[in-house]
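Readers should treat all values here as calculations from the given coordinates under stated rules, not as data from a laboratory. Predicted, not measured: the structure shown is a model, and the values here were computed from it. Note that each Cβ is placed from the backbone with ideal geometry, even for glycine, and that neighbours are counted across all protein chains shown.
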Number of protein chains: 2
Amino acid sequence: MNEFEFIKHIRARAEERGAFSGLVRGIGDDAAVFNALAGSDVVVSTDLLVEDVDFRLANTRADLLGHKALAVSLSDIAAMGARPRWALLSLGVPEAVWNSGFLDNFYDGFFKLAARYGVTLIGGDVSRAPDKVVIDSILIGETPKAGAVFRSGARPGDHIFVTGFLGDAAAGLRLIERGAQLQQPSQEAKTDEARRLDYLLLRHLQPEPRVGWGLLLGEQQLATAMIDISDGLSSDLNHLCAESKVGALIDAACIPIDPLVTEITGRRALDPLMLALHGGEDFELLFTVASENVGLLPRRVDGVSVCRIGEITSEPGRVRVTEKDRTWNLEGGGFDHFNLKT
Amino acid sequence: MNEFEFIKHIRARAEERGAFSGLVRGIGDDAAVFNALAGSDVVVSTDLLVEDVDFRLANTRADLLGHKALAVSLSDIAAMGARPRWALLSLGVPEAVWNSGFLDNFYDGFFKLAARYGVTLIGGDVSRAPDKVVIDSILIGETPKAGAVFRSGARPGDHIFVTGFLGDAAAGLRLIERGAQLQQPSQEAKTDEARRLDYLLLRHLQPEPRVGWGLLLGEQQLATAMIDISDGLSSDLNHLCAESKVGALIDAACIPIDPLVTEITGRRALDPLMLALHGGEDFELLFTVASENVGLLPRRVDGVSVCRIGEITSEPGRVRVTEKDRTWNLEGGGFDHFNLKT
């Protein structure tokens with residue numbers, strides 16, 4: 001298949017689901033065109049995934065990678081309190097990968113997740129790459145005018161919440177680095193242990209963005225500030241505090257850690273609290289809520305609950321953790337592409 | 001500089017030019033946010049440039065590459081008849097390049113071109129890359145509602161036009177491949193020959209998108225169909241005809257070839273007509289105009305004139321060229337990343 005045949009093929013797959021309200025022109029022109037809803041704001045994010053930096057082909061599957069490419073962008077749009085609408089994908093692909101079944105499986109994972117959230121693929125680009133796969137995932141969402149939730153709106157006294165559990169993805173990555181592998185989907189007679197291991201590996205390989213929570217917090221204007229946890233709680237809480245010009249005090253005992261992580265990492269000399277604080281790629285949402293609104297938060301959205309982990313303070317940039325009778329500074333220790341600490 | 005310091009630095013550069021009408025949130029959050037003008041359509045394109053496929057670091061300069069990354073996207077938006085507004089850049093950068101002055105110079109070229117067309121950088125992503133630079137350029141524009149010009153609107157009898165000259169970029173690339181190099185800007189006493197050679201090399205390395213023409217043709221609804229010539233006239237005219245379900249008849253004698261190309265390639269056993277027909281990356285606009293509107297076209301926009309090169313015919317997919325007393329089929333022979341013919 002050459003480049004033009006490939007684009008035609010993807011276009012057919014993108015159009016399979018019929019016409020979409022607001023779409024003027026999808027794949028197949030110089031650019032895509034959509035209607036902006038009257039009075040809405042447009043929200044746009046881009047996420048670059050590079051082979052052997054952000055993923056290793058030997059450790060994942062093409063469909064999981066297609067899922068993840070969209071998931072990381074869905075997480076960004078959710079963190080703005082916005083509704084995801086339109087996706088574009090730029091792919092750089094080495095010839096050997098091009099000639100394998102990789103791309104079909106990649107798009108399987110992508111389209112499956114896109115369908116779940118009503119996202120339409122409207123454009124992209126494809127280029128040969130010399131040796132590594134590169135993926136740039138672009139996602140466009142919308143909010144009512146002035147409805148987006150920024151990192152900068154947290155105020156002293158606001159309560160700090162996170163969705164789901166923290167540290168799962170980092171635990172999954174550590175297990176992969178130590179040789180753990182996903183069971184094949186066809187292996188029916190999985191042991192309980194294999195199933196639990198798979199669960200953690202998938203938390204890294206196939207993250208679930210918190211689209212429902214993001215939308216709810218945006219629509220009901222319940223969050224004063226929000227960020228997704230992609231670099232790690234320590235880094236991302238520091239980002240949020242820097243943008244809001246506030247500090248934070250976190251209670252270590254309140255950080256939601258999956259019992260499975262505690263159990264599995266405990267046997268492998270990993271500290272679950274460190275994974276939860278510094279581990280990246282959880283793609284949970286970290287958000288702040290004014291104290292008078294805390295009671296308005298639902299218990300669960302899409303089966304995911306939230307935990308209150310601390311409070312915003314008035315000391316700009318001072319982010320601390322209390323753990324038993326100690327209080328210590330939480331420095332950003334998450335993932336930095338050019339200063340790898342983990 | 002680490003990743004976060006870098007983003008802060010680019011954010012400061014992007015914000016240097018002050019606040020922009022319609023921008024709600026630029027660099028520094030999970031996603032960028034802008035107002036869509038009431039009643040407007042949003043136009044979005046993405047272009048991936050991969051080192052050693054789309055460019056070689058040894059043959060260009062970082063500032064020219066920054067210019068080109070934006071120029072190719074400006075060309076896409078122009079080909080929709082739209083006004084460019086918002087840019088995002090995803091960069092994958094090997095450590096050695098990261099630690100050089102490359103990125104500062106790259107952004108110099110990018111911002112200089114962006115300023116010329118009122119484009120604001122509102123977001124992006126940066127990742128380490130194992131060995132090659134990758135750049136994904138995302139550009140968002142706008143048109144009045146239903147104002148975008150598609151590839152699909154050409155009708156039999158429409159006249160076919162191109163802006164500028166064709167084949168310059170291909171000639172420049174051939175010269176580079178044969179060892180020609182740009183003179184240093186500091187070399188004052190350039191010979192006339194060196195100046196002419198530089199001109200052609202820059203047509204490849206620093207293309208000028210036809211933003212003014214695109215806007216005019218869109219706003220005045222003069223073009224029935226439009227595409228930018230990125231893959232080569234032969235490929236792109238075939239794309240336009242396929243989408244419009246029409247054919248075309250081109251007069252070889254009318255194809256605008258720069259006398260400089262004729263002269264320089266003539267001495268180097270290259271056929272200027274073949275460069276003009278099949279050479280990619282000219283980033284000129286190819287468009288069709290209903291015969292009753294041809295008289296309404298301005299002679300020049302931003303100093304660039306257009307040439308009528310042929311006519312749309314009613315035979316779907318049949319694209320032909322008349323040259324003296326011969327008529328032959330013009331197959332798409334331009335750049336295909338996975339089927340390199342040039």
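Per residue of B:142-152, how many C-beta atoms from partner chains lie within 10 Å of its own C-beta, taken as a mean?
3
In the range B:1-59, which GluC sites (Glu not before Pro) fall in coil by DSSP and have 15 or fewer other Cβ atoms within 10 Å?
In loop regions of the range B:1-59 (DSSP not H, G, I, E or B), the sparsely surrounded GluC sites (Glu not before Pro) are B:Glu16.
For the protein assembly as shown, what is the charge dipole size about the Cα centre, in debye to the nearest 20, if Lys and Arg each add +1 at the Cβ and Asp and Glu each add -1 at the Cβ?
Computed charge dipole of the protein assembly as shown: roughly 600 debye.
Counting other Cβ atoms within 10 Å, which trypsin sites (Lys or Arg not before Pro) in the range A:170-255 have at most 14 and lie in a DSSP loop?
A:Arg178, A:Lys190, A:Lys245
Using a label point 7 angstrom from Cα along Cα-to-C-beta, what distances in nm, from shortest up, separate A:Lys190 from the other copies?
For A:Lys190, the inter-copy label distances come out at 6.4 nm.
Enumerate the calculated ³J(HN,Hα) couplings along the range B:311-325 in order (Karplus 6.51 cos²θ - 1.76 cosθ + 1.60, θ = phi - 60°), each rounded to whole Hz, writing x wherever the residue is Gly or Pro.
Calculated HN-Hα couplings, in order: 9, 7, 10, 8, 8, x, x, 8, 10, 10, 10, 9, 9, 6, 9 Hz.
Between the range B:181-247 and the range B:34-54, how far is it from one alpha carbon centroid to the other, in angstrom?
Taking the Cα centre of the range B:34-54 as reference, the centre of the range B:181-247 is 18 Å away.
Would you work out the relative contact order for chain A, in percent, from Cα pairs under 8 angstrom that are 6 or more residues apart?
Once divided by the residue count of chain A, the mean separation gives 22 percent.
What are the nm distances, shortest first, from A:Glu177 to its equivalents in the other copies, labels at 7 Å along Cα→Cβ?
4.4
Given chain A, what count of lysine pairs have C-alpha atoms under 25 Å apart, with each pair 8 or more places apart or on different chains?
Lysine pair count for chain A: 11.
Would you grab the residues whose amide H sits under 5 Å from the one on A:Val133? Only those 5+ places off in sequence or on another chain, please, with H modelled 1.01 Å from N.
A:Glu51
What FRET efficiency would be calculated for the residue pair B:Glu263, B:Ala194, taking the C-beta separation as r and a Förster radius of 22 Å, to the nearest 0.05?
That gives a FRET efficiency of 0.90.
With +1 assigned to the C-beta of every Lys and Arg and -1 to the C-beta of every Asp and Glu, and no other charges, what is the dipole magnitude of chain B about the Cα centre in debye, to the nearest 20?
Using only the charged Cβ atoms, the result is roughly 520 debye.
Simple spin-label model, 7 Å along Cα-to-Cβ: A:His9 to B:Ala253 in nm?
In this crude spin-label approximation the distance works out to 4.5 nm.
How big is the dipole moment of the range A:79-175 about its Cα centre under a simple scheme where the beta carbon of each Lys and Arg is +1, that of each Asp and Glu is -1, and everything else is neutral? Debye, nearest 20, please.
420 debye
Restricting the count to DSSP beta bridges whose residues both fall in the range B:88-203, what percent are antiparallel, rounded to a multiple of 5?
Here the share of antiparallel DSSP bridges comes out near 45 percent.
Are there any trypsin sites (Lys or Arg not before Pro) in the range A:1-79 that are in a DSSP loop and have at most 10 other Cβ atoms within 10 Å? List them by number.
For trypsin sites (Lys or Arg not before Pro) across the range A:1-79 that sit outside H, G, I, E and B with at most 10 neighbouring Cβ atoms in 10 Å, the list is empty.
To one decimal in nm, how far is A:Arg299 from the same spot in the other copies, if labels go 7 Å from Cα toward Cβ? Please give the shortest first.
Reported distances to equivalent positions: 7.8 nm.
How would the range B:24-141 be classified by its alpha-carbon gyration tensor: rounded, prolate or oblate, with rounded meaning a/c under 1.5 and the a/b versus b/c comparison settling the rest?
prolate
Could you work out the helix-only [θ] at 222 nm for the protein assembly as shown, with each DSSP H run of four or more residues adding -39,500 (n - 2.57) and the total divided by the number of residues, to the nearest 500 deg cm²/dmol?
Mean residue ellipticity at 222 nm (helix-derived): -9500 deg cm²/dmol.
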